[in-house]
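Worksheet: the structure to be examined is printed underneath.
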Amino acid sequence: MLRTLIQPYTERSVADRVSLLDVCAQLCAQHEIDFSLLLQGKFENHTALYWAIANGPWPPKPPFELAAAVLAHSAPLKPETMKEARRACVSLRSQELFHFLRMSPEFGTLSAEDQFLLGVSAPPEEIVVEELEGPTHPFSFRFQIPQFHKRMMLGKPITLEVVARGRLWRLKYYTANKPSHTHLTHGYWTGLLSMVENSAMT
């Protein structure tokens, strides 16, 4: 039954697959089987969440019912499951879907301490990516970070991740606490933009 969930979108509707997912969850509960672990096993070399993203409706558009359903049933997520979800979003070049996952409590982007500090279980940042025209394939992204000043004053690093130009980028704000090759002064607020591991090089 689970194999049916990972088939291409054209073979079954989203509603059918979500319904089938719920049936599987009920059967597993009746037989005391951990459905979360089952979903995070590998089907054709990938997790169910990866396939829910990769074989979902094209192009990906909200509300991402199938990905949301598989995500909810897969929690708590293993690091490898989260890595695969990122990889699937990058493959589809979908920042919107990636942001949806990142904003979900199941994805666990915020630490328990940050959740207590912000009073939320999911990151509250708003991020909009724009891919621009030009020979160098530029892009820009706009973002809002609630309580930025408070979080930085408390020495809490803030990390944003975005999908742009078929790659996963990470923007990290932190307080410099030791000398580095950039000659930053101790206590200075610093921003660092980098490509996440396994993203294709330019």
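The values are calculated or read from the model by the stated rules, or taken from the named source; none is laboratory data. Remember, predicted model here, so these are calculated numbers, not experimental data. Positions of Cβ are backbone-derived with ideal geometry, glycine not excepted, and every protein chain shown enters the neighbour counts.
The figures follow:
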| quantity | calculated |
| --- | --- |
| Among the residues listed as F107, F98, the single one being over 16 Å from K61 (Cα atoms) and of a type in the set (F, W, Y) | F107 |
| Residue identified as surrounded by fewer than 22 Cβ atoms within 10 Å (Cβ to Cβ) and touching a Ser or Thr at 6+ places or on another chain (Cβ under 6 Å) among S104, S36 | S36 |
| Residue within segment 69-76 that is surrounded by fewer than 20 Cβ atoms within 10 Å (Cβ to Cβ) and at positive phi present | no |
| Residue match in segment 33-41 (condition: of a type in the set (D, E) and under 17 Å from the mean Cα position of the chain (by Cα)) | no |
| Qualifying residue in segment 79-102 (condition: touching a helix residue (DSSP H, G or I) at 6+ places or on another chain (Cβ under 7 Å), part of a loop (DSSP other than H, G, I, E, B) and either within 16 Å of E161 (Cα to Cα) or at pLDDT 90 or above (or both)) | no |
| Breaking point among (1) outside any strand (DSSP E or B); (2) of a type in the set (A, V, I, L, M, F, W, C); (3) exposed (fewer than 14 other Cβ atoms within 10 Å of the Cβ), for L49 | (3) |
| Pair list, Cβ < 8 Å and 6+ apart or interchain, from segment 26-44 residues that are touching a residue at least 12 places away in the same chain (Cβ under 8 Å) and in the same structural domain as A54 (by TED's automatic domain parsing) to residues that are acidic (D, E) and surrounded by fewer than 16 Cβ atoms within 10 Å (Cβ to Cβ) | Q40/E80 |
| Unique match (being among the acidic types (D, E) and at pLDDT 90 or above) among E131, E161 | E161 |
| Segment 92-128: number of residues that are touching a Gly at 6+ places or on another chain (Cβ under 9 Å) and touching a residue at least 60 places away in the same chain (Cβ under 8 Å) | 1 |
| Lone unmet requirement of (1) buried (at least 19 other Cβ atoms within 10 Å of the Cβ); (2) assigned to a helix (DSSP H, G or I); (3) free of Cβ contacts under 8 Å to residues at least 40 places away in the same chain for T4 | (1) |
| Whichever residue in segment 171-202 is at pLDDT below 90, out of contact with any Lys or Arg (no Cβ under 8 Å at 6 or more places or on another chain) and aliphatic (A, V, I, L, M) and, among such residues, is surrounded by the fewest Cβ atoms within 10 Å (Cβ to Cβ) | M201 |
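Residue-wise test of (1) touching a His at 6+ places or on another chain (Cβ under 6 Å); (2) surrounded by 14 or more Cβ atoms within 10 Å (Cβ to Cβ); (3) basic (K, R); (4) not assigned by TED's automatic domain parsing to the domain that holds V196.
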| site | (1), (2), (3), (4) |
| --- | --- |
| C89 | no, yes, no, yes |
| S121 | no, yes, no, no |
| E126 | no, no, no, no |
| E133 | no, no, no, no |
| W169 | no, yes, no, no |
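For every residue, the table says whether it meets (1) modelled with pLDDT under 95; (2) within 14 Å of E106 (Cα to Cα); (3) among the acidic types (D, E).
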| position | (1), (2), (3) |
| --- | --- |
| C24 | yes, no, no |
| K42 | yes, no, no |
| I53 | yes, no, no |
| E65 | yes, no, yes |
| L71 | no, yes, no |
